[in-house]
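Right, I'll just put the structure down here and ask away after.
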Amino acid sequence: MRILFVADVFGPAGSRAVQSRLPELRDELRVDFCVVNGENAADGRGITPKLADRLLASGADVVTLGNHTWARTEIQDYLATSERVIRPANLGSGLPGSGLAVAPAADGTAVAVVNLLGRLFLDPAVTPFELLDGLVEEARRRAKVVVVDFHAEATSEKIAVARILDGRVTAVLGTHTHVQTNDARVLPGGTAAITDAGMTGPHDSVIGVEADLAIRRMVTGLPVRFSPATGDVRIEGVVVDCDADGRATACEAVRVSVD
Ligand SMILES: [Fe+2]
């Protein structure tokens, strides 16, 4: 089975890139299952029900989120009932939505997707390490193929989680930093991993934001309203191949220019 993971979709340019290019990219790469991180789809922060539906209609089987999950209030009711759009499991108990989805691949094989938020710099209500074992066990009860989107800031934490889960899941794919790392690999136990899958959106920017605005805020320390950039749009992510038992056999970073 071949899984395509599409890294953080940023703003209108990222959403448009997915809508215009993902359907044919799925065919070109012979993809059986596709996960899209949509946590920056709405102008760089969060996602709306409409944008989530568009990602699903464009070929995402499951959409994952991250630290900006609650940026758009209208997503709360949507997450409460959606089986395909999930948010980090460790945002706190009693909140709408789930951190685990199970959906069929093209041939009907069940694929589980888990979404967790890193502890370092993102300060989730519960550390990912408290939930990791339970979530992965539940995912494995329901599917042989398990993909983990670990949305985290620190390279060390992302590598640590990949090592912890090596041999227990198909892939541990890092998201959130928007800079694709050059370490796509299959770990000794059969788990595919990359520290960060990159960004689907405008790369002529500071991680998606218009560069002059991001720079002005950094240099002056004054509040500056951010706008999503528009230039050098790419789809970035990872392609993972695995066998019928869910063991990864290949892991390769993907970068496709859209404009
Ligand atoms: Fe993020």
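The values are calculated or read from the model by the stated rules, or taken from the named source; none is laboratory data. All figures in this text were calculated on a predicted structure; none of them were measured in a lab. We place every Cβ from the backbone using ideal geometry, glycine too, and count neighbours over all the protein chains shown. With ligands, DNA and RNA removed, areas are computed over all heavy atoms of the protein, side chains included. Shrake-Rupley method; radii C 1.70, N 1.55, O 1.52, S 1.80 Å.
Given the -39500 (n - 2.57) contribution per DSSP H run of 4+ residues, what per-residue ellipticity at 222 nm results for the chain, rounded to the nearest 500 deg cm²/dmol?
Dividing the helical sum by the residues of the chain leaves -8500 deg cm²/dmol.
Amide H neighbours of M199 under 5 Å, counting only residues 5+ apart in sequence or on other chains, H built in-plane at 1.01 Å?
Placed amide hydrogens put Q180, E236 under 5 Å from M199.
Could you give the distance between the Cα centres of region 151-176 and region 207-259, to the whole Å?
Measuring centre to centre over Cα atoms gives 18 Å.
So, with a 1.4 angstrom probe, what is the percent of accessible area on region 60-145 that is carbon and sulfur?
In region 60-145, the share of accessible area belonging to carbon and sulfur is 46 percent.
In whole Hz, what ³J(HN,Hα) sequence does region 211-227 give by Karplus (6.51, -1.76, 1.60; θ = phi - 60°), x for Gly and Pro?
For region 211-227, the Karplus curve yields 4, 5, 6, 5, 5, 4, 5, 5, 6, 8, x, 7, x, 10, 6, 7, 10 Hz.
Let me know the longest stretch in the chain that avoids all trypsin sites (Lys or Arg not before Pro) found in a DSSP loop with at most 14 other C-beta atoms within 10 Å.
31-224
Mind checking the angle between helix 155-165 and the chain's longest principal axis? C-alpha axes, 0 to 90 degrees, to the nearest 10.
20
Another question, then. Just the number, please: carbon plus sulfur as a percent of the accessible area of region 170-234, 1.4 Å probe, no ligands or DNA/RNA counted.
57
Arranged from highest to lowest average of other beta-carbon atoms within 10 Å per residue, in what order do the peptides 62-71, 98-107 appear?
Result, highest mean Cβ count within 10 Å first: 62-71, 98-107.
Please list, in order along region 186-201, the HN-Hα scalar couplings obtained from phi with the Karplus expression 6.51 cos²θ - 1.76 cosθ + 1.60 (θ = phi - 60°), rounded to whole Hz, x for Gly and Pro.
10, 6, x, x, x, 10, 6, 8, 9, 5, 9, 6, x, 9, 9, x
Still on this model: Could you sort D43, D232 by their accessible area in this structure, using a 1.4 Å probe and putting the largest first?
D43, D232
Here is a follow-up. So what is Rg over Rh here for the chain, counting just Cα atoms and using Kirkwood for Rh?
The Rg/Rh ratio comes out at 0.94.
Further question: Diagonalise the Cα gyration tensor of region 25-125 and give the resulting equivalent ellipsoid semi-axes, square root of 5 times each eigenvalue, largest first, whole Å.
23, 15, 13
Rolling a 1.4 angstrom probe over the protein heavy atoms, how many square angstrom per residue are accessible across the chain?
Result: 42 Å² of accessible area for each residue.
Moving on to the next point. Might you work out the accessible area of S82 for me, using a 1.4 Å probe with all protein chains in place, and round it to the nearest 10 Å²?
Answer for S82: close to 30 Å² accessible.
Would you please report the Å³ per residue occupied by the convex hull of the alpha carbon atoms in region 153-204?
Dividing the Cα hull volume of region 153-204 by its residue count gives 68 Å³.
Give a residue-ordered list of calculated ³J(HN,Hα) values for region 126-138 (Karplus: 6.51 cos²θ - 1.76 cosθ + 1.60, θ = phi - 60°; whole Hz; x for Gly, Pro).
10, 5, x, 5, 5, 9, 3, 5, x, 5, 5, 4, 5
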